[in-house]
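**Q** Below is a structure I'd like to ask you about.
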């Protein structure tokens with residue numbers, strides 16, 4: 001197993017969470033038969049993914065559908081609040 005500077009990896013992808021997501025998605029691809037984009041001496045696929053990241057071979061592309069999903073859930077929660085009659089005392093501030 002090779003040693004990697006985790007701080008460098010975090011900075012390269014934009015944080016711990018993004019690194020976790022990227023590694024998980026790429027490991028899934030490699031386990032499904034995708035070919036590695038770099039050569040490493042280790043047989044550990046995580047090392048392959050880390051090296052691919054550091055060499056700029058892969059990156060995480062954000063999918064806007066997650067944002068829409070969160071917004072839809074938030075909208076449903078507000079609709080539920082209003083439909084239960086709890087909105088009588090609630091007033092939106094003016095946007096002047």
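The values are calculated or read from the model by the stated rules, or taken from the named source; none is laboratory data. Since the structure is predicted, the reported quantities are computational estimates derived from the model, not experimental observations. A quick note on method: Cβ atoms are made from the backbone with ideal geometry, for glycine too, and the neighbour counts reach across all protein chains shown.
**Q** Could you check segment 1-25 and list, in sequence order, the residues that are part of a loop (DSSP other than H, G, I, E, B), modelled with pLDDT of 90 or more and at negative phi?
**A** Listed by number, the residues that qualify are 4, 5.
**Q** Any residue at all in segment 51-65 that's modelled with pLDDT under 60, under 25 Å from the mean Cα position of the chain (by Cα), in a loop (DSSP other than H, G, I, E, B) and surrounded by fewer than 10 Cβ atoms within 10 Å (Cβ to Cβ)?
**A** Looking for residues that are modelled with pLDDT under 60, under 25 Å from the mean Cα position of the chain (by Cα), in a loop (DSSP other than H, G, I, E, B) and surrounded by fewer than 10 Cβ atoms within 10 Å (Cβ to Cβ), one finds at least one in segment 51-65, hence yes.
**Q** Looking at segment 26-50 only, could you name the residues that are surrounded by 13 or more Cβ atoms within 10 Å (Cβ to Cβ) and outside any loop (DSSP other than H, G, I, E, B)?
**A** Listed by number, the residues that qualify are 26, 27, 29, 30, 45, 46, 47, 48, 49, 50.
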